[in-house]
Amino acid sequence: MTDLPAVVRLLANKRSLRIEIAPKSLFLIVALVVGLALLTQLVPVILVLVVALMLVGTLNPAVDALEKRRLKRTPAIFIVFFAVLVAIALLLVFTVPAIVEQVASLIKQEPQLRARLVAFLASYPLTATLASTVHSFQYAAVFKSFGSQALVLSRDLLEIVAYGAGAFFLALYIMIDRDRLRGALFAAVPRAHHIKLSRILLRLEVIVGGYVRGQIITCALMGSFLFIVLTATGVPNALAIAAFGGIADVLPFVGIFMTMIPAVCAALAVSSVAATIVLVLLLCYEEFESRVLVPLVYGRALRLPSSIVLFALITGGSLYGIAGALLALPVAAALLMLVEELKVGLPGEVAQQSDRVTARSDHVGEAEYLRRTDGMGAEQAAAVATEMTTARAAQEKEEVKQQEAENAALTAADAATPAKPA
């Protein structure tokens, strides 16, 4: 039997465990919480900055091309931005009035369109119940709820326009002050890492610029194709539907289905044959765009698997709506690039040959960079790092082209060699 006084003495001799948080750690925790709270409030500002940086990455190659033609940087920047403003103004002048007119025409033709849609749905047993629903649908409740939200929608639209204008002019100022901003960024990073930093910035510019230019090209091609198809099948109001299809094409996987609904419904006003032709051609174009056009236009700017593309779209759309969905793909590509550039070797991990070559080249480049920038300020050193990184990227691109040409020649030679008899 246990001695009770001995147990009491044992418990009395036990030391209590005290948890103390250092004032510095407590300050860091509070600062982190406050910073996250401020970050959630500054999401629109961050989006404006991201859009501005995307514009910089998109328009900077055009400015560099004008500089190579012996034009000073500031006039080249103003020429490029003025050309963008003129293009936007011309696009609005030639499309908005026609779209408004054709949407009004669609509203006037609504009874005929509804009758054709009801007749088409009623002709099939599986959609017969849907035909009665469409026939009895009333617009009064929809217009009533829309009227209560019209003020909110108009305010949101004005905010989008204001944020877009802010991003445009912020991009202009960033490009004008490029050297000072780049110098400040490089001054905050140890000089031994400037080559890697300049390579990251160059790859970010390639990713963002390629994404935006690719979106413009694919959206324009989608709108042109849809306009030609609708016009050839005799569908009225083709311009409004084609403009909507071009805008919706910015969303991969989703945009084509958003385009099919109004396009096929409008084609039903002509005939069921026209609707079938439009549907089949849109499906064929989507297959062509995803398998041929997108890899050709984007190149290596966005090397994302389909699963990551879909996950990024869902995440961006859930967090920040359409703006988040539009920014999701370049952000995902940039994050993957940063993981690739900043990855740390784990214990026991065997380095790949490409990683060893890159590390050796970085070591040589950093030594050369430190020698060339000895005694220079951050702004001049940043210019040297950018110049060296650009030259190295051009050399690597040329080596890749030569390797691809050699592989193609070997493949052609193997195909031309006759097989040995058994």
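The values are calculated or read from the model by the stated rules, or taken from the named source; none is laboratory data. Everything numeric here is computed off the predicted structure, so don't read it as measured data. Glycine also receives a Cβ, built like all others from the backbone with ideal geometry; neighbour counts cover every protein chain displayed. Please note that ligands, DNA and RNA were not included when accessible areas were found on the heavy atoms of the full protein model with its side chains. Shrake-Rupley method; radii C 1.70, N 1.55, O 1.52, S 1.80 Å.
Looking at THR390, is it open to solvent by less than 60 Å² (accessible area, probe 1.4 Å), under 22 Å from ASP177 (Cβ atoms) and at pLDDT 80 or above?
Details: open to solvent by less than 60 Å² (accessible area, probe 1.4 Å): no; under 22 Å from ASP177 (Cβ atoms): yes; at pLDDT 80 or above: yes.
Answer is no for this residue.
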Can you tell me which residue in segment 181-228 is nearest to the chain's Cα centre (by Cα), limited to those that are more than 19 Å from ALA381 (Cα to Cα), open to solvent by less than 20 Å² (accessible area, probe 1.4 Å) and β-branched (Val, Ile, Thr)?
ILE207
If only one of VAL189, VAL152, VAL118 is at pLDDT 75 or above and either part of a helix (DSSP H, G or I) or touching an Asp or Glu at 6+ places or on another chain (Cβ under 6 Å) (or both), which one is it?
VAL118
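Table: residues versus (1) out of contact with any His (no Cβ under 8 Å at 6 or more places or on another chain); (2) exposed (fewer than 11 other Cβ atoms within 10 Å of the Cβ).
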| residue | (1), (2) |
| --- | --- |
| THR95 | yes, no |
| VAL118 | no, no |
| ALA122 | yes, no |
| LEU126 | yes, yes |
| THR133 | yes, no |
Considering segment 35-47 alone, what residues qualify as being closer than 18 Å to ALA332 by Cα and either free of Cβ contacts under 8 Å to residues at least 40 places away in the same chain or in contact with a Gly (Cβ under 8 Å, 6 or more places away or on another chain) (or both)?
ILE46
How many of the residues in segment 240-289 are without any contact (Cβ under 8 Å) to a residue 12 or more places away in the chain and hydroxyl-bearing (Ser, Thr, Tyr)?
2
